[in-house]
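Here the structure is laid out as structure tokens; the discussion comes afterwards.
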Amino acid sequence: MSETIEKVKCLIIGSGPAGYTAAIYAARANMKPVLYQGTQPGGQLTTTNEVENFPGYPDGITGPAMMMELQKQAERFETDVRNGWITKVDFSGDVHKVWVNGEKEIHCDTVIISTGASAKYLGLESEQKYLKLGGGVSACAVCDGFFYRNQEVVIVGAGDSACEEAHYLSKLCTKVTMLVRRDEFRASKIMSERVKNTENIEILFNTETEEVIGDGQVVTGVKVFNNQTKASHLIPATGFFVAIGHKPNTDIFKGFLDLDETGYIINAKPGTSKTNIAGVFVSGDAADHVYRQAITAAGTGCMAALDAERYLAAKDSTFEVSTSNYN
């Protein structure tokens, strides 16, 4: 083995609630985890202005502050948290090989994937502006809908997830305007009928977003246009929700791990974090296309570390399963 190749017992790819929780459990099990934060240290939650639905924070907390606390907790148990991202993997042999920033090669006994999934946005300059400001643009109604109680909002999307989020928002908001680009939904009939039959949801077919309007700090409306007549108008709104899907950050694992048609990693055994490659585990939104919550990501991070710990114990008789994770 070349002197430039590093040997690691447990490598965690990606940060966020899944990665940091996996690190906490792995470190307490004496697995000496090395965690690479990826291109977005802290994950998607760093773009969330307020987190009020994660247990243990009665007054809420900002996403970036929460990720800093999780990182400190992981480092308290001597997790080696590093900047950089994994650009290539090779899981074809007995040794799990990864490359950092296209240069450094690491050989791993176990790998925990916590790369998450990125929400798709329309790409409008005004949309991105208010997304970064935390002033009214969101890709998660369950996460942020509470902040728009008794207000009017707009949601973009035509699939089952969009219909589900629109229906969720209708229970909180006075009015939900749903923008559908085509003349029909892509959603299942039962989901589309649900939103059609909800009194405070207005559906605008053949309608697209032209611009998100705001006062420089928060959203005040959405300018839309009919793609058939080309007529445009302004919809007053304080929230703009985008529900056009997510893209799992799993491209580098293609050819090694089993992925579904969208790119989510498939669990080899339901109820575990195991993948089709022994010693490689997955946690968080890289495998979860249903819940996509911080708390569920953290839970699967715990599962991945425990599965990795048991894998090492079964493979190496000198490595004992720690009792510290169960206290």
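Given the structure, is residue 285 in contact with a strand residue (DSSP E or B) (Cβ under 6 Å, 6 or more places away or on another chain) and more than 30 Å from residue 139 (Cα to Cα)? Write out each step before concluding.
Values: in contact with a strand residue (DSSP E or B) (Cβ under 6 Å, 6 or more places away or on another chain): yes; more than 30 Å from residue 139 (Cα to Cα): no.
No: the conditions fail for residue 285.
Return a yes/no flag: does segment 118-133 have any residue that is in contact (Cβ under 8 Å) with a residue 60 or more places away in the chain, over 23 Å from the mean Cα position of the chain (by Cα) and assigned to a loop (DSSP other than H, G, I, E, B).
no
Would you tally the residues in segment 202-254 being open to solvent by less than 80 Å² (accessible area, probe 1.4 Å), assigned to a loop (DSSP other than H, G, I, E, B) and free of Cβ contacts under 8 Å to residues at least 40 places away in the same chain?
4
Please work out which residue is modelled with the lowest pLDDT, limiting yourself to segment 57-90 and to residues that are in contact with a helix residue (DSSP H, G or I) (Cβ under 8 Å, 6 or more places away or on another chain) and assigned to a loop (DSSP other than H, G, I, E, B).
Checked segment 57-90; the qualifying residue modelled with the lowest pLDDT is 57.
Out of (1) more than 19 Å from the chain's Cα centre (by Cα); (2) closer than 22 Å to residue 173 by Cβ; (3) not charged (D, E, K, R), the odd one out for residue 99 is which?
Exception for residue 99: condition (2).
With the requirement that a residue be touching a helix residue (DSSP H, G or I) at 6+ places or on another chain (Cβ under 7 Å), open to solvent by 20 Å² or more (accessible area, probe 1.4 Å) and not in a helix (DSSP H, G or I), what does segment 19-48 give you?
Correct list: 40, 48.
Filtering segment 1-10 down to residues that are open to solvent by 20 Å² or more (accessible area, probe 1.4 Å) and modelled with pLDDT of 95 or more, which residue is nearest to the chain's Cα centre (by Cα)?
Of the residues in segment 1-10, the ones open to solvent by 20 Å² or more (accessible area, probe 1.4 Å) are 1-7, 9.
Checking which are modelled with pLDDT of 95 or more leaves us with 6-7, 9.
Values: 6: 29, 7: 29, 9: 26 Å.
Applying the filter and picking the extreme gives 9.
Scan (1) touching a Leu at 6+ places or on another chain (Cβ under 8 Å); (2) assigned to a helix (DSSP H, G or I); (3) aliphatic (A, V, I, L, M) for the single condition residue 112 breaks and write down its number.
The single condition residue 112 does not satisfy is (2).
With over 16 Å from the mean Cα position of the chain (by Cα), among the β-branched types (Val, Ile, Thr) and modelled with pLDDT of 95 or more as the only criterion, which of 24, 13 stands out?
Details: 13 fails: over 16 Å from the mean Cα position of the chain (by Cα).
So the residue among 24, 13 that is over 16 Å from the mean Cα position of the chain (by Cα), among the β-branched types (Val, Ile, Thr) and modelled with pLDDT of 95 or more is 24.
Checking residue 104 against (1) within 22 Å of residue 265 (Cβ to Cβ); (2) open to solvent by 50 Å² or more (accessible area, probe 1.4 Å), only one condition comes out false. Which one?
It is condition (1) that residue 104 fails.
If residue 54 passes every condition in (1) touching a helix residue (DSSP H, G or I) at 6+ places or on another chain (Cβ under 6 Å); (2) part of a loop (DSSP other than H, G, I, E, B); (3) closer than 18 Å to residue 110 by Cα but one, which one does it miss?
Here residue 54 clears every test but (3).
The values are calculated or read from the model by the stated rules, or taken from the named source; none is laboratory data. Please read all numbers here as calculations on a predicted model, not as lab measurements. Cβ atoms come from the backbone with ideal geometry, glycine included; neighbour counts cover every protein chain shown. With ligands, DNA and RNA removed, areas are computed over all heavy atoms of the protein, side chains included. Shrake-Rupley method; radii C 1.70, N 1.55, O 1.52, S 1.80 Å.
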